[in-house]
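What follows is a single structure, written as structure tokens, with notes after it.
The values are calculated or read from the model by the stated rules, or taken from the named source; none is laboratory data. Predicted, not measured: the structure shown is a model, and the values here were computed from it. Reconstructed Cβ throughout: ideal geometry from the backbone, glycine too, with neighbour counts over all protein chains shown.
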Amino acid sequence: MRKSVVTKWMLLAGVALSAGSAQAEQAASEAGRAVDDAASSGATGDIVVTALRRETTLQKTPAAVAAISGEELQARGISDIQDLAAAVPSVSFGQTIGQAHIAVRGIGSDVVTAGQDPRVAFYQDGVYIARPGAQLGGMFDVDRVEVLKGPQGTLYGRNATGGAVSVVSRKPTDTLEGYVRTGYGNYNAVTLDGAISGPIAETLTARIAGHFEHRDGYGKNLVTGKDIDDKREVALRGAIAWRPSDRLELLTTVDYFRESDNAFGLHYFNQGNPNVPVLGLKLGGLAARNSRDIYSDVDPKARTRSWGITEEISFDADWAKLRSITSYRKFKGFYLTDIDGTSVQLAYDKLFENAKQFSQEVQLDGEVDRFAWLVGALYFHEKNDGAGSEIPINSVVAGGPFSLRQAFLSIGDLKTESFSAYARVTFDATDWLKLTAGGRYNWEKKSISDVFQFDFSRPYVPGAPIIPIPPFPRSTSDSFSGFTPSATAELRLSPSVFAYFTYSQGFKSGGYNIGVAQAAFRPEKIKSYEAGVKTTTFDGRLKANLIGFHYDYSNLQVSQVRGQSTLVENAAAAKVDGIEAELIAEPVRGFSFGGNLSYLDAKYKDFLSIDPINVAAGPQDLSGNRLTQAPKISYALFAQGKWDVGDYTLTLRGDYNRIGLQYFTPFNNPIVAQDGYGVGSALARIESEAGWSVEAYVRNIGNTKAIAQTYVSSGMFGFPVLGALIPPRTYGLTLGYKL
């Protein structure tokens with residue numbers, strides 16, 4: 001099976017290679033030099049990336065990497081992970097109750113709680129950000145964002161079975177530079193971004209950047225009249241670089257983020273089981289007709305705060321380069337949301353996290369003759385104190401005999417300690433062939449000390465805390481380990497045609513379900529086979545890429561609602577086959593167009609599970625069902641014009657993104673799914689040589705209403721289908737000035 005699939009991908013790549021090679025033989029030698037220097041003036045000009053822990057141009061990177069520069073992020077209005085997912089093929093995004101769910105090629109995390117880890121690793125300036133809630137902050141003053149697709153077990157280690165997202169901030173500069181941008185849009189959206197950078201002494205440079213966003217809600221709580229899904233966030237970052245010599249640099253970065261709003265409310269979409277009425281509606285409660293609104297006895301709340309400090313040391317010796325990254329981070333999150341979906345005072349959920357993480361990574365890379373080598377080691381420690389949830393239930397409205405407060409409480413302290421060592425060697429076999437082999441050994445230990453309890457004994461008082469009664473305590477630990485090898489062959493068939501084949505493995509941590517008397521779930525593992533061809537022709541004005549891949553998963557971790565809890569269990573196996581194609585052209589200077597297409601066939605191969613909506617049916621064989629957040633077809637199109645008019649530059653751009661049918665549970669229930677939909681956006685910008693700019697934008701032009709993430713809530717409340725929506729149509733103006 002594997003060999004036949006890989007053979008198909010290689011045949012597809014061969015067809016494109018033969019066509020590209022024939023054309024490349026006729027191309028001028030200057031075209032090859034333009035590609036090598038990454039200096040093409042066209043829209044297809046290469047971006048220098050560090051996805052493989054070394055600098056390469058995007059078109060000469062032997063991996064499926066999408067990179068967007070900071071300038072393009074601004075031009076396309078991409079300010080957070082949700083915007084980024086819409087701009088990158090094979091990437092989808094959802095969120096529930098303040099937790100980011102990033103999926104790459106259908107591999108993501110449908111539900112992430114404090115005891116679990118995501119499948120797509122998120123990095124900020126080389127530092128792994130463990131908590132999904134800390135990934136939702138705005139992206140500002142960014143040099144570039146790199147999205148690595150497929151398992152990154154060798155260079156990125158644990159929790160990167162689906163891929164990795166790397167956000168690279170702008171660094172202090174040797175010359176004075178800066179900018180400020182402010183905008184206003186519908187929903188009274190006010191934004192302010194700015195940065196200033198330059199030298200402060202002979203060997204010392206610094207950079208300060210900030211971001212502020214304040215917006216009214218996209219909907220209302222029709223019970224209280226307050227906005228929901230609003231935004232109130234502020235972020236700051238400061239960096240100081242000291243270069244005492246040409247060989248040594250020390251970069252210290254401090255960042256801070258705060259959010260305090262009524263975001264992440266759960267919207268009511270449907271009745272999960274047609275034979276079981278939603279309890280709140282049965283009791284006379286109301287649910288909003290407009291799914292952007294909610295009927296809730298409590299307003300949703302999101303209160304998050306995070307900060308971190310990172311010290312990066314780079315030393316260039318004669319024989320190798322040394323890089324050390326030391327980081328300490330804290331994240332605190334509190335979320336409150338209604339989980340019965342109606343106006344009845346029935347139940348709500350409080351979620352809380354208080355996480356601290358420390359990491360130390362050391363890398364050493366060099367070259368000897370025709371060999372390039374890299375070795376590294378990473379130590380990671382995280383402690384999440386008081387993580388868990390509290391669910392008060394008003395039993396009297398549900399027909400209970402007394403006005404008692406029933407509640408479920410789960411709270412625990414989780415610790416993760418991880419160590420890994422890795423190495424990679426690249427051999428320049430010939431002028432046109434490079435061979436690379438690498439591997440990483442991962443070891444980690446997870447410990448949990450938690451309590452979970454039911455409280456049936458006190459009067460129901462909205463907002464009253466739960467007083468601990470005899471709980472069900474647990475204190476245990478487990479360790480997990482694994483080796484993840486990789487091998488790559490790179491072929492430069494001409495100055496304009498580059499091809500590669502990669503075999504790699506990935507490893508995702510095991511863990512615990514807080515509040516469930518269950519043994520640790522096992523790590524999941526993946527084997528990946530990928531072949532690709534990348535072509536850049538016509539003096540850099542035409543880029544065409546084709547990639548095919550096949551994944552084999554074992555012990556795939558999936559989330560399910562069980563009673564009052566959401567827990568993770570291991571599926572036996574899954575497989576993913578896919579093709580990605582990209583074409584970008586600049587037929588005339590200043591005008592470019594293009595698009596990308598993704599095809600995914602992502603299915604469970606062997607998986608038995610009980611559907612919480614229909615427990616009486618017993619275990620169901622889900623073999624052949626599609627994975628969650630895995631649309632079979634998705635594509636994106638764009639057109640952009642950029643012209644000089646006197647002392648001004650005019651830019652016009654339009655984008656259209658189409659995402660196919662997505663399921664949000666492994667049971668592929670159409671009630672818990674989103675049909676295919678498309679979203680368009682447009683912008684117009686005028687820039688002056690003096691540094692001023694004015695931009696008008698509109699996003700989600702058609703005001704498409706689509707589900708970003710959804711799940712079936714507990715049967716205790718009649719299985720209401722709850723979740724989050726993509727943003728509605730937004731538009732506005734942005735003014736900017738650049739030094």
Taking the stated definitions as given, is L176 touching a Leu at 6+ places or on another chain (Cβ under 7 Å) and of a type in the set (A, V, I, L, M)? yes
Exactly one condition in (1) crowded, with 19+ Cβ neighbours inside 10 Å; (2) more than 16 Å from the chain's Cα centre (by Cα) is false for Y184; which is it? (1)
Among the numbered conditions (1) surrounded by 15 or more Cβ atoms within 10 Å (Cβ to Cβ); (2) over 25 Å from V362 (Cα atoms); (3) at pLDDT below 85, tell me where K534 comes up short. (3)
Output the strands (runs of 3 or more DSSP E) that fall wholly within the stretch 656-739 and possess 2 or more residues being in contact with a Ser or Thr (Cβ under 8 Å, 6 or more places away or on another chain), within 30 Å of L279 (Cα to Cα) and touching a residue at least 40 places away in the same chain (Cβ under 8 Å), or say none. 707-712, 720-725
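Here's the yes/no breakdown for (1) outside any strand (DSSP E or B); (2) touching a residue at least 12 places away in the same chain (Cβ under 8 Å); (3) more than 31 Å from the chain's Cα centre (by Cα):
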residue	(1), (2), (3)
V276	yes, yes, yes
R292	yes, yes, no
D297	yes, yes, yes
R305	no, yes, no
F315	no, yes, yes
W319	yes, yes, yes
K330	no, yes, no
Y335	no, yes, no
Residue count, the stretch 69-87, condition under 18 Å from A696 (Cβ atoms), in a loop (DSSP other than H, G, I, E, B) and not basic (K, R), comes to 3
When you look at Y328, is it more than 23 Å from P728 (Cα to Cα) and either of a type outside the set (S, T, N, Q) or in contact with a Ser or Thr (Cβ under 7 Å, 6 or more places away or on another chain) (or both), yes or no? yes
Picking from F140, F93, the residue that is under 30 Å from L351 (Cα atoms) and assigned to a loop (DSSP other than H, G, I, E, B) would be F140
Assuming D125 fulfils every condition listed in (1) modelled with pLDDT under 75; (2) surrounded by fewer than 22 Cβ atoms within 10 Å (Cβ to Cβ) apart from one, which condition is it? (1)
Which listed residue is crowded, with 20+ Cβ neighbours inside 10 Å and of a type in the set (V, I, T), from I196, I240, I228, I200: I228
If you go through T651, T628, the only one that is of a type in the set (S, T, Y) and farther than 27 Å from N186 by Cβ is T628
Give me the residue from the stretch 661-697 that is hydroxyl-bearing (S, T, Y) and buried (at least 17 other Cβ atoms within 10 Å of the Cβ) and, out of that set, farthest from the chain's Cα centre (by Cα). S693
Can you tell me how many residues in the stretch 579-596 are of a type outside the set (G, A, S) and either outside any strand (DSSP E or B) or closer than 15 Å to V533 by Cα (or both)? 7
Inside the stretch 244-267, the number of residues satisfying the requirement of being over 17 Å from K171 (Cα atoms) and either free of Cβ contacts under 8 Å to residues at least 12 places away in the same chain or not in a loop (DSSP other than H, G, I, E, B) (or both) is 7
